[in-house]
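Every number in this text was worked out from the coordinates using simple rules, so none of it is lab data. Keep in mind that this is a model prediction, so the values were computed, not measured. Glycine also receives a Cβ, built like all others from the backbone with ideal geometry; neighbour counts cover every protein chain displayed.
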Amino acid sequence: MDKKKRLKKELSLLDVFCIASGAMISSGLFILPGIASAEVGPALFVSYIVASFFAIPTVLSQAELVTAMPKAGGDYFFIARSMGPAVGTIGGLATWFSLTLKSAFALLGISAYMALLVHVPKELIAVLFCVLFMFVNLKGAKHAGRFQVGMVLALIALLVLYVIKGFTHIQVSRFSPFVPFGAGSVFSTAGFIFISYGGLTKIASVAEEIKNPSKNIPLGMILSLIIIGIIYGLVVFVTTGLLDPEVLHGSLTPISDGARVAMFGWGAAIMAVAAVLAFVSTANAGIMSASRYPMAMSRDNLAPAFLARVGSKSKIPYFSVVLTAVFMILAVLFLRLELLVKAASVFLILIYMLINAALIIMRESRITNYKPTFKSPLYPWMQIAGIIGCLFLIYQMGTVPIAMAIIFVVAGFVWYLCYGMLRVKRTSALIHIVERLTSKDLADDLLRVELKEIIRERDDISEDRFDGLIKEAVVLDIDKSVEMEEFFKIVSKKLAVKFEITADYIYNLLIKREKESSTVIKDGLAIPHIVTGEGKGFHILVARCKEGVKFYGSRKPVNTVFVLAGAKGERNFHLKALSAIAQIAQKKHFEELWMKAKNEEELRDIVLLAERHRV
């Protein structure tokens with residue numbers, strides 16, 4: 001990608017944790033417990049814990065996918081690359097809607113609390129704060145990230161204080177009967193409040209702006225789920241024990257009401273401040289992350305081109321930020337609270353299903369350049385459990401959410417048919433699976449090339465001379481078993497063109513070198529190397545022989561051969577090339593990747609993307 005279109009890498013591990021956490025601790029904690037408790041009773045805290053467990057497979061799947069493809073619009077990006085642009089359109093729109101509606105929910109929370117202090121219409125307060133956050137984000141991710149860290153750390157400290165103070169005032173009698181509406185209500189309520197864990201998806205959307213994404217993304221996401229899941233459970237448990245059911249049910253300020261019991265008037269004021277911090281952090285992070293989805297879809301020609309434009313100095317997708325802010329304002333003005341929450345939760349559950357499916361498809365496609373630095377454990381059972389769990393939650397939520405999900409999927413597909421299909425021509429990892437099963441050449445090289453560029457950007461690979469030679473090298477892929485002499489004749493003809501000398505001369509040098517001492521350095525790997533004459537000039541030939549080349553004195557046929565040919569003036573680089581090859585060949589899974597590569601270009605990519613010391 002053009003460097004002018006790249007986003008700045010400014011976000012640290014703390015930023016990752018705070019973006020995810022700040023997006024979770026908001027309306028899901030400061031408003032929803034009152035509404036949700038009327039549906040489940042004292043077991044509400046169990047619903048929050050259950051919802052966190054349903055989120056675990058997706059967190060692990062997303063951590064793997066985003067370390068393999070740390071690009072803006074994360075969920076959309078790897079759903080589109082795994083299942084194609086049609087499903088990618090549905091996934092991108094679902095995530096954008098979910099994150100934007102959740103942020104709109106936070107704006108309603110801000111207006112509810114601020115209206116207690118100032119006599120201004122709630123809608124006007126929500127609109128003014130949305131405009132404020134829009135301008136904060138237009139300043140750049142670094143400014144928005146710093147803003148987020150301060151708010152989230154202060155918020156966690158206040159919630160810990162609330163839990164400590166509240167435990168001493170809990171009345172155990174308020175937990176009886178524990179599940180008055182049956183066990184099913186625990187799961188249906190878990191689906192209703194599932195949007196409380198929507199912040200986890202926001203990390204993927206800003207992945208392109210995170211420093212050291214291979215480490216910071218999975219660690220930040222996992223820490224956020226664990227810590228915030230515990231805080232959710234404790235805060236809701238304490239609140240349930242502090243308030244009479246008739247007070248709790250339907251309250252739009254449940255945590256402040258609980259604090260009034262445990263810490264009296266000053267406590268209620270403090271938790272009101274905490275609530276505003278939570279809503280502010282969610283709305284701010286919501287614009288930051290949601291705006292990257294229209295930008296990512298625009299890059300793929302699935303949305304209008306202007307949405308992909310970024311500021312020359314700020315590197316922020318300003319049109320996408322403004323569009324997201326406008327949609328949030330419309331949601332605040334025209335959607336009822338309960339419908340807003342249900343819609344956001346349904347879209348989130350839908351995207352979680354697609355994320356788990358995307359990981360299965362990427363793994364099973366066996367694309368050489370799919371190289372996540374974090375791998376989800378218990379594959380594929382973890383992902384299958386995640387998909388089944390999401391279906392179960394939607395089913396438990398009732399017919400309205402099911403209808404909403406179906407209508408949305410159909411609408412997303414119609415958008416693709418009317419707009420995207422005419423502009424997008426790309427294959428996905430799913431096609432690679434079909435190709436593998438049918439033994440037919442169906443896939444193009446676009447995904448492989450794109451993944452290669454992502455890895456180079458992710459790992460900050462600076463091309464050295466060895467890389468340049470590999471890019472220009474002849475790559476041979478030989479299916480049958482061959483004798484060494486026959487192999488050297490093939491090599492000599494290829495290198496003769498490079499050096500503009502006779503093939504017989506090169507052949508004799510290769511045979512002479514092999515007679516002096518074997519160039520097989522370990523089972524399956526040989527590095528024949530020759531000096532072609534005076535002056536300078538260096539070339540590399542790379543070969544895979546699936547059935548093996550029979551070298552002199554080798555115990556086993558050789559499957560991997562690097563032929564180095566250089567003039568006398570290249571002796572120093574000769575040693576550097578040998579060192580580079582040794583580093584590449586000793587890496588874990590090198591042989592497995594080498595033998596699974598589909599063609600010459602995948603063989604070349606294995607060498608180009610290998611981790612090694614570059615000069």
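Quick check: the distance between the Cα centres of segment 265-305 and segment 31-49, to the nearest angstrom?
The two parts, judged by their Cα centres, are 24 Å apart.
How much net charge surrounds Ile110 when only the other residues with a Cβ under 15 Å from the Cβ of Ile110 are counted, with Lys and Arg +1 and Asp and Glu -1?
Neighbourhood net charge equals +1.
Where does each of 285-296, 348-359 land if you order them by average Cβ count within 10 Å, highest first?
Top of the packing list down: 285-296, 348-359.
For segment 464-608, what are the per-bin percents of Cα-Cα distances with bins 5 Å wide, up to the bin holding the maximum?
The calculated distribution, bin by bin, is 2, 9, 21, 25, 23, 14, 5, 1.
Distances longer than 24 Å among the Cα atoms of segment 154-280: what percent of all pairs is that?
Summing the P(r) tail past 24 Å for segment 154-280 gives 39 percent.
Over the chain, what is the relative contact order in percent, taking alpha-carbon pairs closer than 8 angstrom and at least six residues apart?
21 percent
Rounding to the nearest 10 and keeping the result within 0 to 90°, find how far the Cα-based axis of helix 183-192 lies from the longest principal axis of the chain.
Relative to the chain, helix 183-192 is tipped by roughly 70 degrees.
Compute the whole-percent fraction of alpha carbon pairs in segment 219-310 spaced more than 23 Å apart.
Result for the distance tail: 47 percent.
Taking only Cα atoms, what is the 0 to 90° angle, nearest 10, from helix 74-83's long axis to the longest principal axis of the chain?
So the inclination is approximately 50 degrees.
Using a Förster distance of 25 Å, how high is the FRET efficiency between Asp523 and Glu601, based on the Cβ-Cβ distance and rounded to 0.05?
According to the calculation, E is roughly 0.45.
With everything on Cα atoms, drop me the angle between helix 141-167 and the longest principal axis of the chain, reported from 0 to 90° to the nearest 10.
Roughly 50 degrees, rounded to the nearest 10.
Which loop-located trypsin sites (Lys or Arg not before Pro) does segment 456-548 contain, where loop means any DSSP state but H, G, I, E or B and the Cβ has at most 12 other Cβ atoms within 10 Å?
Lys480, Lys536
Which value, in debye to the nearest 20, gives the size of the charge dipole of the chain about its Cα centre, when Lys and Arg are +1 and Asp and Glu are -1 at the Cβ?
So the magnitude is around 1140 debye.
Which FRET efficiency value, to the nearest 0.05, do you get for Val434 and Arg465 by plugging their Cβ-Cβ distance into 1/(1 + (r/R0)^6) with R0 = 30 Å?
According to the calculation, E is roughly 0.15.
Counting only helical runs of four or more DSSP H residues, what would the 222 nm mean residue ellipticity of the chain come to if each run contributes -39,500 (n - 2.57) and the total is spread over all its residues?
Per the formula, -21500 deg cm²/dmol.
Roughly how far apart, in whole Å, are the Cα centres of segment 202-260 and segment 474-548?
Cα centres, segment 202-260 to segment 474-548: 62 Å.
What is the spin-label model distance, in nm, from Ala183 to Lys493 if the labels are put 7 Å beyond Cα along the C-beta direction?
7.2 nm
Using a 10 Å cut-off around each Cβ, can you sort Leu578, Leu525, Leu29, Leu417 from fewest to most neighbouring Cβ atoms?
The fewest-first ordering by Cβ neighbours comes to Leu417, Leu578, Leu525, Leu29.
Sort segment 57-97 into rounded, prolate or oblate with this rule: let a ≥ b ≥ c be the square roots of the eigenvalues of the Cα gyration tensor; rounded if a/c is under 1.5, and if a/c is not under 1.5, prolate when a/b is larger than b/c, oblate otherwise.
prolate
Taking the convex hull of the alpha carbon atoms in the chain, what volume per residue do you get, in Å³?
So the per-residue hull volume is 166 Å³.
Please order Glu486, Glu514 by the number of other Cβ within 10 Å, starting at the fewest.
If I rank by nearby Cβ atoms, fewest first, I get Glu486, Glu514.
Beyond 27 Å, what percent of the Cα pairs of segment 321-478 remain?
48 percent
Please state, to two decimals, what the Cα-based radius of gyration of segment 307-414 comes to when divided by 2.2 N^0.38 Å (N = residues).
Normalised Rg, Cα atoms only: 1.38.
With r defined as the distance between the Cβ atoms of Tyr552 and Asp445 and R0 fixed at 45 Å, what FRET efficiency is calculated, to the nearest 0.05?
0.75
Starting from the Cα of Glu123, step 7 Å toward the Cβ, then list every residue of segment 301-341 with an amide N under 19 Å from that point.
Residues 325-341 qualify, since their backbone N sits under 19 Å from the label point.
Looking at this model, which pairs from Lys71/Lys425; Lys556/Lys596; Lys452/Lys598; Lys452/Lys489; Lys494/Lys550 are more than 26 angstrom apart at the alpha-carbon?
Lys452/Lys489
What shape does segment 303-364 take by its C-alpha gyration tensor, where a ≥ b ≥ c are the square roots of the eigenvalues and a/c under 1.5 counts as rounded, a/b above b/c as prolate, and the rest as oblate?
Since a/c reaches 1.5 but b/c is at least a/b, the shape of segment 303-364 is classed as oblate.
Using only the Cα atoms of segment 29-83, what are the Rg and Dmax in Å?
Taking only Cα atoms of segment 29-83, I get Rg and Dmax of 16.2, 43 Å.
What is the fewest-to-most order of Thr282, Thr168 by other Cβ atoms lying within 10 Å of their Cβ?
Thr168, Thr282
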